[in-house]
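Peer 1: Before we start, here is the structure in question, set down as structure tokens.
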Amino acid sequence: QVQLVESGGGLVQIGGSLRLSCAVSGSIFSANVMGWYRQVPGKQRELVAIISRGGSTNYADSVKGRFTISRDNAKNTVYLQMNNLKPEDTAVYYCYINHVGYDYWGQGTQVTVSS
């Protein structure tokens, strides 16, 4: 049984910062790909950032220069540091891993950016 447990979401003002964490437990250690997606009501879930086991990263254009994804393979955890947050970053953020062709998702954590 694989579990992804997110933490770190919440309410923040425009320009503020948050750090999301996602701890992976169960039968998968050091997944091939770890990352974050987000979704707002009425829209499709979209990629925010992903990171490979070796540390290669890919970001959505909308978050480049503001968000940083990292992972700690020893702790089986992926992080998303979000700086200079904007109202359009408001969404439910989902942790994601892909390992040997299978996708796994966390339960989601709400991030709300307000003035």
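The values are calculated or read from the model by the stated rules, or taken from the named source; none is laboratory data. Computed from a prediction, not measured in an experiment: that's the story for all the values here. Every residue, glycine as well, gets a Cβ built from its backbone with ideal geometry; the counts of neighbours run over all protein chains shown. Quick note on the areas: whole protein, heavy atoms, side chains included, nothing else; ligands and nucleic acids left out. Shrake-Rupley method; radii C 1.70, N 1.55, O 1.52, S 1.80 Å.
Peer 1: For Ser62, only one of the following conditions fails: (1) assigned to a strand (DSSP E or B); (2) open to solvent by 40 Å² or more (accessible area, probe 1.4 Å); (3) of a type outside the set (A, V, I, L, M, F, W, C); (4) within 20 Å of Gly8 (Cβ to Cβ). What is its number?
Peer 2: (1)
Peer 1: Kindly evaluate Gly42 against the criterion of being within 13 Å of Ala91 (Cβ to Cβ), without any contact (Cβ under 8 Å) to a residue 40 or more places away in the chain and assigned to a loop (DSSP other than H, G, I, E, B).
Peer 2: yes
Peer 1: Continuing with this model, one more query. Only one of these is open to solvent by 20 Å² or more (accessible area, probe 1.4 Å), under 10 Å from the mean Cα position of the chain (by Cα) and either closer than 28 Å to Gln1 by Cβ or not β-branched (Val, Ile, Thr) (or both): Tyr104, Tyr94. Name it.
Peer 2: On inspection, the qualifying residue turns out to be Tyr94.
Peer 1: Related question: Answer yes or no as to whether Ser21 is at positive phi and either open to solvent by less than 60 Å² (accessible area, probe 1.4 Å) or in a loop (DSSP other than H, G, I, E, B) (or both).
Peer 2: Judged against the criteria, Ser21 is not a match.
Peer 1: For the stretch 1-18, what are the residues that are more than 26 Å from Glu88 (Cα to Cα) and either open to solvent by 80 Å² or more (accessible area, probe 1.4 Å) or assigned to a strand (DSSP E or B) (or both)?
Peer 2: Gln1, Gln3 - these are the residues of the stretch 1-18 that are more than 26 Å from Glu88 (Cα to Cα) and either open to solvent by 80 Å² or more (accessible area, probe 1.4 Å) or assigned to a strand (DSSP E or B) (or both).
Peer 1: Also, I was wondering about something else. Pairs only if they're at least six apart or on different chains, beta carbon under 9 angstrom, first in the stretch 68-81 and in contact (Cβ under 8 Å) with a residue 12 or more places away in the chain and part of a strand (DSSP E or B), second open to solvent by 60 Å² or more (accessible area, probe 1.4 Å) and among the β-branched types (Val, Ile, Thr); list them, first residue then second.
Peer 2: Partner pairs satisfying both residue conditions: Thr68/Thr57; Ile69/Thr57; Ser70/Thr57; Tyr79/Thr68; Leu80/Thr68; Gln81/Thr68.
Peer 1: Regarding Val111, is this residue under 12 Å from Ala23 (Cα atoms) and either in a strand (DSSP E or B) or at pLDDT 95 or above (or both)?
Peer 2: It is false that Val111 is under 12 Å from Ala23 (Cα atoms) and either in a strand (DSSP E or B) or at pLDDT 95 or above (or both).
Peer 1: Same structure, new question: The conditions are (1) among the hydroxyl-bearing types (Ser, Thr, Tyr); (2) closer than 16 Å to Asp103 by Cα; (3) open to solvent by less than 40 Å² (accessible area, probe 1.4 Å), and Tyr37 fails exactly one of them. Which is it?
Peer 2: Among (1) among the hydroxyl-bearing types (Ser, Thr, Tyr); (2) closer than 16 Å to Asp103 by Cα; (3) open to solvent by less than 40 Å² (accessible area, probe 1.4 Å), the lone unmet condition for Tyr37 is (3).
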